[in-house]
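**Q** Take this structure, written in structure tokens, and hold onto it; I'll ask about it next.
The values are calculated or read from the model by the stated rules, or taken from the named source; none is laboratory data. From a predicted model like this one, the values you see are computed outputs, not experimental measurements. Glycine gets a Cβ as well: all are built from the backbone with ideal geometry, and neighbour counts include every protein chain shown.
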Amino acid sequence: MRRSAVQRPQHAAPLAAPLAAPLAALAAAALIASCDSGAQGGAQGGAQGGAQGGAQGGAWASYAPTAPTGDVLALLTTAPFRYPDRACRPLSELSAFGPLPASAQVEVSAEGVEQVCVWQSHVGNAPEGIPYNAIGSCDLPFTQGPSWFVPPARVHESDAALLDDPAYRAEHDWTQAQIRSSGCACCHASSIGSGNVSGWDVDAPGVWTDNLSAARLLLLSGVIEGDELFSEYAPEENHGFSRAGAMMASTDPARLTRFFLAEFERRGGGMEDYALADGRIEALFGRFELASEECRAGVEGLVDGRLRWEGEAARQVYVQEAESALPGFPPRLDRPAGTTWALYVDADGAPVSSGALALGDVPAGARQVVPEEGAPRLESGRRYRLFVTGDFMRPPYASCLFTAP
Ligand code: HEC
């Protein structure tokens, strides 16, 4: 299903084009949020209705998502990334959603109560048919994605009669239900009532995909190489939802991919949309392909026994074997093989400054995640990388190589 990279124009993507800037998306989310959240999308603006007339046009005319406020706004824009954990709810409290699908995973709590659990993550899912926030809290995903408000708006006008076609309707409704059960729904599904919908809305009026550009249809189809770097859970711990091939986790990723590609065709999307979509992924993940350079003597790396970087106080500090992969997005890519030491500052802890740490130091409010036990040890003469970030998903302050003394 995936197109090979060579089939698509690689350098046509205008990274600095007006649309690309807000779409430095997840990687730069929190960073950009702190300064740009107001600028990105008129906080007072509602969605603009498309054509008037007819049930659908009417629905768009009254569709006006509002900007997040209060605690939700604070989580989005000022809270540090909250590391995914699990939340559970007794099975008996989920009866309103009907019988559980076969793919749901039911557990028994320590007290002997049957319960259903979700990973509170942008890539976590509730069982098919159950909205994510019926079990998990959006508080965590709010800290794990782009924070700014862009009211979803109609960018295409489909023939409303499409929804009368039962075959189309089935796929349309199925994709809505799939996406509502994901952590993405916290920001992309107005029906779940999280207090934030931004960028696009799976619950937009009429044909819901009318609020997606052709490039976004492609992104969501999963055919753009590189989106696996958003990370994922295994289907065995995610109610059967898998990201194999699709951008959103699904109980049937191939079906989801087919839907979005069919929508792309119906829209008459072309190569320029591939270029745009590629550009988005490149903006997010291109840096993961860059080779690390030598640490600048005296200011970066291990300097007189202290870890130093140029940049602000950090929330994650890593020392890795030089040939290992760069730390990526939680939950699965943030501790690559070959990581010698990883220190994570807790969401309520104070970030650590350059020069404050020797290897293995664990200040109050932080925890050592690699190694799980014992002290990290460097091999004299071996090459290592220092990797330091202001928070998960943001571009690093340091990603440089040094030789252990
Ligand atoms: C914390 C809120 C939040 C979460 C969680 C979130 N998103 Fe988004 N997403 C946004 C915002 C905000 C935008 C940017 C809208 C804009 O600038 O137009 C966006 C944009 C996108 C885009 C368009 C990107 C582009 O470059 O055009 C896609 C595709 C997307 N999100 C998919 C997802 C998926 C899949 C998930 C779950 C794995 C997810 N989002 C989770 C807030 C979120």
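**Q** Hey, residue 378 hits all of (1) of a type outside the set (Val, Ile, Thr); (2) in contact (Cβ under 8 Å) with a residue 12 or more places away in the chain; (3) surrounded by fewer than 15 Cβ atoms within 10 Å (Cβ to Cβ) but one; which does it fall short on?
**A** (3)
**Q** Can you go through 127, 131 and tell me which one is surrounded by fewer than 22 Cβ atoms within 10 Å (Cβ to Cβ), under 21 Å from residue 242 (Cβ atoms) and assigned by TED's automatic domain parsing to the domain that holds residue 182?
**A** 131
**Q** Looking only at segment 225-266, count how many residues are assigned to a helix (DSSP H, G or I) and not small (Gly, Ala, Ser).
**A** Within segment 225-266, residues that are assigned to a helix (DSSP H, G or I) and not small (Gly, Ala, Ser) number 19.
**Q** Would you check if residue 108 is more than 16 Å from the ligand (Cβ to nearest atom) and either surrounded by 24 or more Cβ atoms within 10 Å (Cβ to Cβ) or not assigned by TED's automatic domain parsing to the domain that holds residue 346 (or both)?
**A** yes
**Q** Can you name the residue in segment 244-288 that is under 30 Å from residue 398 (Cα atoms) and basic (Lys, Arg) and is also farthest from the ligand (Cβ to nearest atom) among such residues?
**A** Taking the candidates together, the pick is 287.
**Q** With the condition kept exactly as written, say whether any residue in segment 159-175 is of a type outside the set (Asp, Glu), more than 9 Å from the ligand (Cβ to nearest atom), touching a Leu at 6+ places or on another chain (Cβ under 6 Å) and part of a helix (DSSP H, G or I).
**A** Within segment 159-175 (the criterion being of a type outside the set (Asp, Glu), more than 9 Å from the ligand (Cβ to nearest atom), touching a Leu at 6+ places or on another chain (Cβ under 6 Å) and part of a helix (DSSP H, G or I)), the answer is yes, since at least one residue qualifies.
**Q** Counting only residues that are away from the ligand (no atom under 14 Å from the Cβ) and not polar (S, T, N, Q), which one in segment 176-204 is nearest to residue 85 (Cα to Cα)?
**A** 193
**Q** Out of segment 203-224, which residues are more than 16 Å from the chain's Cα centre (by Cα) and part of a loop (DSSP other than H, G, I, E, B)?
**A** 203, 204, 205, 206, 207, 212, 213, 223
**Q** Continuing with the same structure: Of the residues that make up segment 81-103, is at least one under 27 Å from residue 220 (Cα atoms), in contact (Cβ under 8 Å) with a residue 60 or more places away in the chain and not in a loop (DSSP other than H, G, I, E, B)?
**A** No, the conditions are met nowhere in segment 81-103.
**Q** Please work out which one of (1) near the ligand (Cβ under 9 Å from one of its atoms); (2) at pLDDT below 95 is the condition residue 229 fails and give its number.
**A** Going through (1) near the ligand (Cβ under 9 Å from one of its atoms); (2) at pLDDT below 95 one by one, residue 229 breaks only (1).
**Q** Something else about it: For segment 38-83, which residues satisfy the criterion of being modelled with pLDDT of 55 or more, out of contact with any Gly (no Cβ under 9 Å at 6 or more places or on another chain) and not aromatic (Phe, Trp, Tyr)?
**A** Scanning segment 38-83 gives 74, 75, 77, 78, 79, 82.
**Q** Further question: Does residue 231 qualify as being under 17 Å from residue 329 (Cβ atoms), in the same structural domain as residue 136 (by TED's automatic domain parsing) and not β-branched (Val, Ile, Thr)?
**A** yes
**Q** Report, by residue number, each residue of segment 313-334 that is in a strand (DSSP E or B) and either out of contact with any strand residue (DSSP E or B) (no Cβ under 8 Å at 6 or more places or on another chain) or buried (at least 23 other Cβ atoms within 10 Å of the Cβ) (or both).
**A** The answer is 314, 316, 317, 318, 319, 320.
**Q** Quick check on this structure: which one of 387, 402 is in a strand (DSSP E or B) and out of contact with any Asp or Glu (no Cβ under 9 Å at 6 or more places or on another chain)?
**A** Unique residue meeting the criteria: 387.
**Q** Here is a further query. For the list (1) surrounded by 18 or more Cβ atoms within 10 Å (Cβ to Cβ); (2) touching a residue at least 40 places away in the same chain (Cβ under 8 Å); (3) of a type outside the set (A, V, I, L, M, F, W, C), I need the number of the one condition that residue 242 fails.
**A** (2) is the only condition that residue 242 fails.
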